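S.K.: Sending over a structure as structure tokens; questions will come in a sec.
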2 protein chains.
Amino acid sequence: MTGRRRSIATVCLSGALEDKLAAAAHAGFDGVELFAPDLVGSHLSPAQARDLCADLGLGIDLYQPFRDVEGAPPELHARTLRRARHAFDVMAQLGTDTVLVCSSVAPWVIADDDLAAAQLRDLAEEAAARGLRIAYEALAWGSVVSTWEHSWEIVRRADHPALGLCLDSFHVLSRTDDVAGIAGVPGEKIFYLQLADAPSLDMDVLQWSRHHRLFPGQGSFDLPGFVGTVLAAGYAGPLSLEVFNDVFRQSVPALTAVDAMRSLVDLESKVDDGAGLTPAPTRPRPGFVEIEASPGSALRVRAALRALGFARTGVHRSKPVELWEQGTAALLLNTSRPTATPRPDAAITALGVAVEDPAGAARRAEELLAPPLPRVVGAREAQLPAFIAPDGTAVFLCGPDDGPGGWRADFAPVQDTDGATVPAGDVPAAAGEPAPVPARPAAVGLVAVDHVTLTQPFDRSDEATLFFRSVLGLTVRDAAEVSGLFGLVRTTVLGAGDLAVGLNSSVLRRGSWAPGVPAPQSVTFRTDDVFATARALRERGAPLLRIPANYYDDLAARLDVDEGLLAALREHDVMYDRDADGGEYLHLFTRVIGSQVFFEVAQRRGGYRGYGAADAPVRMAAHAAVRTHA
Amino acid sequence: MTGRRRSIATVCLSGALEDKLAAAAHAGFDGVELFAPDLVGSHLSPAQARDLCADLGLGIDLYQPFRDVEGAPPELHARTLRRARHAFDVMAQLGTDTVLVCSSVAPWVIADDDLAAAQLRDLAEEAAARGLRIAYEALAWGSVVSTWEHSWEIVRRADHPALGLCLDSFHVLSRTDDVAGIAGVPGEKIFYLQLADAPSLDMDVLQWSRHHRLFPGQGSFDLPGFVGTVLAAGYAGPLSLEVFNDVFRQSVPALTAVDAMRSLVDLESKVDDGAGLTPAPTRPRPGFVEIEASPGSALRVRAALRALGFARTGVHRSKPVELWEQGTAALLLNTSRPTATPRPDAAITALGVAVEDPAGAARRAEELLAPPLPRVVGAREAQLPAFIAPDGTAVFLCGPDDGPGGWRADFAPVQDTDGATVPAGDVPAAAGEPAPVPARPAAVGLVAVDHVTLTQPFDRSDEATLFFRSVLGLTVRDAAEVSGLFGLVRTTVLGAGDLAVGLNSSVLRRGSWAPGVPAPQSVTFRTDDVFATARALRERGAPLLRIPANYYDDLAARLDVDEGLLAALREHDVMYDRDADGGEYLHLFTRVIGSQVFFEVAQRRGGYRGYGAADAPVRMAAHAAVRTHA
């Protein structure tokens, strides 16, 4: 959107060189940084690699890395020049003109800026003679040169037109937050800009860099500020991603490359006043939650919904999908899929998100490379734009009202024949002419969807967070690491307006003893009186989760809970959390329906803004106990 | 073996409390530290937990942790005492008498040793009244108290018989190597001793402690020195393992508990002058390497062995197993298994290790909880003791000679009818009367097995290293992290005498894009002239691996290899490594036979002691290229 080149280092991606290049091209990158070991291990000659890139429409924007140049004893410097001639030969065959020279990490480095400048000038002179140029980068752990200021001082002293800087956001931001000085570097002396984010970790910087880098927006560096400063200095080269990450090294490269491109588009929008990216939807709210179930599991889901006070208020006009409602909460139960496919017996497979401008939200999703949902829309069905999140959940964008053309029009109103009765006045008489839809009566006091929690695949958890943040414009509301019965679980809740989505993933990919996927998904409903709801649920025979008595004994000691409240919590298997400001979260759970979906009912008191993560370990243990013994 | 109690904290193990307790008991622990959250999440009441432990023969040696006692403002101290009464109630029901109090991490802590001592004394007074006692531990990241010396100063000032120290090797050794001062603490004031090892990592100590602890002998702490000092001070309580580890949290608890016990037995032998553990075998050497193959793959393995110059010199007297030999290298090809089992088509499934005293080595293995190999020995077969390594490989212990009673006696000598001829004089005429076995002629120059490389399951890589170190008495000869095409691979080579075993495992468990298991296993044979061998292999049509031309171009620049040598390397697809002392490693590879076994041929020059890890990324890429395109 900005006319600026976008590049990605091959080291970001898994697989053989062909896999990496194909993935980069498919995601829309203009060029790559060719990581030398990726070429050395390839059966493609440099010339073949060049041709393959050309076929794919990719430039080779950088060849990297070339190591241990500056500060060498004289006899080693002669060797450096011989090594460089080999690199220049390879570059000539590759058809690339810029090589990354990173600051020396050798033990022999002589700390002498003039010597360093002279040696880099020698290299630049040879490069210039062949029409090439040197981008010199300070590694954060360089033996002598470890800051961008120091690398700039040496480039300045060398004063050669074929020698400039490479700035890498990781190396700069892992050492300092102060990047303002970069504005003083002439833009034409910044030859290359590498971008990586990283989580805030207090650890050896080399290990941090080699294993834990992330794409922009997935970590905690101020990338917009950094990039803005570099661009303000006059840098006009590619924005290039260089991310060393243990997970990305083993993940499907085509997906990683799209994730990378999404991060770059999002970053540019934050640097360039939007950069043409359609703005994020304002005030999104939950539309519907769709559960797909095999026929057998559908019986269990229906029974659970009915016991939770939901009424079946509609059936889809052309598909085996039912609409269940209570308060403003709407659930779709979809039994259309073939039962032979090896999928969970019941799963949350789609979210409807209500936004002011569905077409705009869909445009933004497309601009951010959200994969569109392939589907066949029936003649009379709503044309809801939809895309697929990293965990496979379909996200439908619904309009702000539920009138004609809205998704509710796809459903023929029904009188629920199985028990609960839908107030007659709520159902329009003629199909196709939907009346304004009122909130359904809250049979057991459930008034709305509070949040939906999805399970992310291990390889894609960082991608998933950025996906929801960027595409829907959500922000992180809560993040925690939970010690589950079978391993650690990372949980992140993102939200905007009334919409909140929790993303859980295991910290390590699980094995057969402790399967991590599919882990439970859940829908949390809000009540204004958890105990009244709990009583009603018990009367209706809801499949409630028993909480261990030890939890309440511990709670009493831990949080000094009032005796009367404690007795009520204990009686109704309601869990309890309290935040630092005295806000309270009272919540109860159903058992897992089928193999991976449960429901939560929560009451928020006193402005509690969390999601009860402190209770998650006991909740997980209680769920596991039921499933083990079921 | 020492009469000392051995305990393990429930937090070391995965699963529900019942799983953890059963695993600890099964591995032979005398007691557990009950991690309070494991009880809180359990449906077992404290009394039921006590009864379950009693049924399993486990004591509850410690209840932990109780937090944030010392340095509290007065109003909080009153709350502390209320919380403590709850903990004491639970302990009474559990039937345990010692609670771990760890140093405060709260922001409100008042730095006043006399106040801290007074508050701990209050707690101890209440504990003493109920027959309980307090073990006070300095967390390495405590707000004020973060060293064992400081915790001891406070215990000394408090001067209460129910207040003593808990020493945790992680908290002590992560802060200091100087543990000598512990010798000055009266043994009876050390109430509890927690043991954990850890890899050497330069990172935030809390994260290091919570995620990366290991069992003793798996990391780099001097645990024998530490434990020796504490015992010398007069400590007489349990040796108790407390290991927070992300992998162990999700691994099969019964296996983790055995790994834990093995580490403790090994540790005790290093503290107590052997502690009754049978000494490790001296000078082990390779006996045989057994490859199991499906009938179809067996054809390919046979063809490869023949092309590698091996001759079939024997057939097993009662099983479909063939003996193939060259030089001193002996391979068994086993086609006995049912083909219906979903196992790799060909795999290294057993190692014969020749030792001076097989019975002693077997006794040591049993003492170190190596699982015995269940099998049926035929009437006339050698009674080789055998056990199973963590990756499932059977390890057979063979005697020093191959005479009567040795494993060769199981094989009837054969004239190889398929091509290569076994010199007649080498084969004894009468079955059952094996002659001394000479070294087979080295048809293509292979003289011996150099090393065998096995693939470890992700969850068990730390266990595997300790297993081979302790059971066979090997030491680590090389360790590296290799950047493979599909992710990082950790490789560790262990050895003693002529025996060397490489253990590879992926750094993260792989997904479907980048399967990590089964990753290739390999046998490396030594030659004295790699180029003569390479020529012979080519003539015999061995399935040799092509190395990318780029590798040689890079090698020339990287290592300044002599032109003539470089040409020879390139011609014969031989890879080349050189160590800092000028030692050289010249090695070539076959393609992968079946899905997971390949062979390597290596020549060592000038005392090279490594295993060519620097070449592994290109070798992996070359293997992957063949497999992808096959």
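What follows draws every value from the coordinates through simple rules; no lab data is involved. Note that the structure is predicted; figures quoted are calculated from it, not measured. Note: ideal-geometry Cβ built from the backbone for every residue, glycine included; neighbour counts use all protein chains shown.
S.K.: Quick one: which residues, 5 or more positions from A:Arg509 or on another chain, have an amide H under 5 Å from its amide H? H modelled 1.01 Å from N in the peptide plane, none for Pro or chain starts.
M.R.: B:Arg509
S.K.: What are the extents of the Cα atoms of the range A:483-630 along their three principal axes, in Å, largest first?
M.R.: Principal extents (Cα only, largest first): 43, 36, 31 Å.
S.K.: Using only Cα atoms, figure out Rg for the protein assembly as shown and give it as a multiple of 2.2 N^0.38 Å.
M.R.: Dividing the Cα radius of gyration by 2.2 N^0.38 Å gives 1.01.
S.K.: A further question on this structure: Run lengths n ≥ 4 of DSSP H only: what is the helix-derived mean residue ellipticity at 222 nm for the protein assembly as shown, with -39500 (n - 2.57) per run over all residues, to the nearest 500?
M.R.: Rounded to the nearest 500, the figure is -9500 deg cm²/dmol.
S.K.: Post the alpha-carbon centroid distance, the range B:545-601 to the range A:9-75, in whole angstrom.
M.R.: 22 Å
S.K.: So if we plug the beta-carbon distance of A:Arg283 and B:Met203 into 1/(1 + (r/R0)^6) with R0 = 45 Å, what FRET efficiency do we get, rounded to 0.05?
M.R.: According to the calculation, E is roughly 0.60.
S.K.: Rg/Rh for the range A:278-392: what does it come to with C-alpha atoms and Rh from Kirkwood?
M.R.: 0.98
S.K.: Points 7 angstrom from Cα along the Cβ direction at B:Arg67 and A:Leu373: gap in nanometres?
M.R.: 4.2 nm
S.K.: Does the range A:147-280 come out rounded, prolate or oblate by the C-alpha gyration tensor, with a ≥ b ≥ c the root eigenvalues, rounded set by a/c under 1.5 and, if not, prolate when a/b is larger than b/c and oblate if not?
M.R.: oblate
S.K.: Let me ask something else. May I ask you to sort B:Thr147, B:Thr335 by Cβ crowding, counting other Cβ atoms within 10 Å and putting the fewest first?
M.R.: B:Thr147, B:Thr335
S.K.: Divide the volume of the convex hull of the Cα atoms of chain B by its number of residues and quote the answer in cubic angstrom per residue.
M.R.: Taking only Cα atoms, chain B has a hull volume of 173 Å³ per residue.
S.K.: Tabulate in residue order the Karplus-calculated ³J(HN,Hα) for the range B:235-249, using 6.51 cos²θ - 1.76 cosθ + 1.60 with θ = phi - 60°, rounded to whole Hz; enter x for Gly and Pro.
M.R.: Taking θ as phi minus 60°, the curve returns 5, 10, x, x, 8, 10, 8, 10, 10, 8, 8, 4, 6, 4, 4 Hz for the range B:235-249.
S.K.: Kindly work out what percent of the DSSP beta bridges joining two residues of the protein assembly as shown are antiparallel, to the nearest 5.
M.R.: 55 percent
S.K.: Ranking B:Phe248, A:Phe387 by Cβ neighbours within 10 Å, fewest first, what do you get?
M.R.: The fewest-first ordering by Cβ neighbours comes to A:Phe387, B:Phe248.
S.K.: Now a separate question. Read phi for every residue in the range A:389-396 and hand back ³J(HN,Hα) as whole Hz from Karplus 6.51 cos²θ - 1.76 cosθ + 1.60, θ = phi - 60°, with x for Gly and Pro.
M.R.: 7, x, 8, x, 5, 7, 10, 9
S.K.: Another question about this same structure. Pulled fully out, how much extra length does the chain show between B:Glu481 and B:Arg210, if you take 0.36 nm times their separation in residues and subtract their Cα-Cα distance?
M.R.: Gain on extension, B:Glu481 to B:Arg210, equals 95.3 nm.
S.K.: Related question: Sorting B:Asp51, A:Asp97 on the 10 Å Cβ count, fewest up front, what's the list?
M.R.: B:Asp51, A:Asp97
S.K.: Amide H to amide H, which residues 5 or more places from B:Ala500 or on other chains are under 5 Å from it, using H placed in the peptide plane?
M.R.: B:Val452
S.K.: Could you give the spread of the C-alpha atoms of the range A:285-629 along their three principal axes, from largest to smallest, in whole angstroms?
M.R.: The Cα atoms of the range A:285-629 stretch 60, 45, 42 Å along their principal axes.
S.K.: Non-local amide H neighbours of B:Val315 (under 5 Å, H modeled in plane, Pro and chain starts lacking H): which ones?
M.R.: Here the answer is B:Leu323, B:Ala412, B:Val414, since their amide H atoms fall under 5 Å of that of B:Val315.
S.K.: For the range A:207-344, count all C-alpha to C-alpha pairs, find those more than 18 Å apart, and express that count as a whole percent of the total.
M.R.: Distances greater than 18 Å cover 71 percent of the Cα pairs.
S.K.: To the nearest 0.05, what FRET efficiency results for B:Ala549 and B:Ala128 with a Förster distance of 56 Å applied to their C-beta separation?
M.R.: 0.10
S.K.: Would you report the distance distribution of C-alpha pairs in the range A:1-120 as whole percents per 5 angstrom bin, up to the bin with the largest distance?
M.R.: Computed distribution, short to long bins: 2, 11, 20, 20, 15, 12, 10, 7, 3, 0.
S.K.: Residue by residue through the range A:573-590, which ³J(HN,Hα) values in whole Hz follow from phi under the Karplus form 6.51 cos²θ - 1.76 cosθ + 1.60 (θ = phi - 60°), with glycine and proline marked x?
M.R.: 6, 9, 8, 9, 10, 9, 9, 4, 9, x, x, 10, 10, 10, 8, 10, 9, 8
S.K.: Cα-based Rg (one decimal) and Dmax (whole number) for the range B:6-271, in Å?
M.R.: Both quantities, over Cα of the range B:6-271: 17.3, 49 Å.
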